[in-house]
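The values are calculated or read from the model by the stated rules, or taken from the named source; none is laboratory data. No experiment lies behind these values; they were computed from the predicted model shown. Glycine gets a Cβ as well: all are built from the backbone with ideal geometry, and neighbour counts include every protein chain shown.
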Amino acid sequence: MTDYIFRTPTVREGPAGLHRLFFFYKLDRGISIVKSGAAYSRVRYLLDEDLADYDVVYLGGRNHVVNEATKAELIAGGVGITESNFTAI
C-alpha cells in the first residue's frame, strides 16, 4: 500500500499585523479536520480540552502521513478534501 502526505486545507487571511504595510500581506492559516464517529468536520479553532472529544484529529497547518484507506475516507468525508491535498511518498 502506498502512503501519502496529507496537508490540511488552508484559508488565506489578513491583514498580517497592525502596521499599515501589513494590510497588503496575507497569511495562510490551516484548518483542522476532525473525525467523531463516522463523520468528518472542519474545525477552525481547537482547544486542548476539546481534543479528547474527537476520535481522530488532523491539526491544521501540518503534514500528516496517511494510508490509501484513510485517504479515501477523507475524500469521501464531504469536508472539501480532494486529491490535491495528498502527495504520494
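Looking across the range 79-89, the residues that are out of contact with any strand residue (DSSP E or B) (no Cβ under 6 Å at 6 or more places or on another chain) and surrounded by 11 or more Cβ atoms within 10 Å (Cβ to Cβ) come down to Gly80, Ile81.
Consider the range 5-51 and keep the residues that are among the hydroxyl-bearing types (Ser, Thr, Tyr) and free of Cβ contacts under 8 Å to residues at least 24 places away in the same chain. The one that is nearest to Leu74 (Cα to Cα) is Ser36. Looking only at residues in the range 1-34 that are modelled with pLDDT of 90 or more and of a type in the set (S, T, N, Q), which one is nearest to Arg62 (Cα to Cα)? Applying the filter and picking the extreme gives Thr8. Within the range 62-69, one or more residues are of a type in the set (A, V, I, L, M), surrounded by 15 or more Cβ atoms within 10 Å (Cβ to Cβ) and modelled with pLDDT of 95 or more. Which of the residues spanning the range 74-89 are part of a helix (DSSP H, G or I) and free of Cβ contacts under 8 Å to residues at least 12 places away in the same chain? If the condition is that a residue be part of a helix (DSSP H, G or I) and free of Cβ contacts under 8 Å to residues at least 12 places away in the same chain, then Ile75, Ala76, Glu83, Ser84 are the ones that fit.
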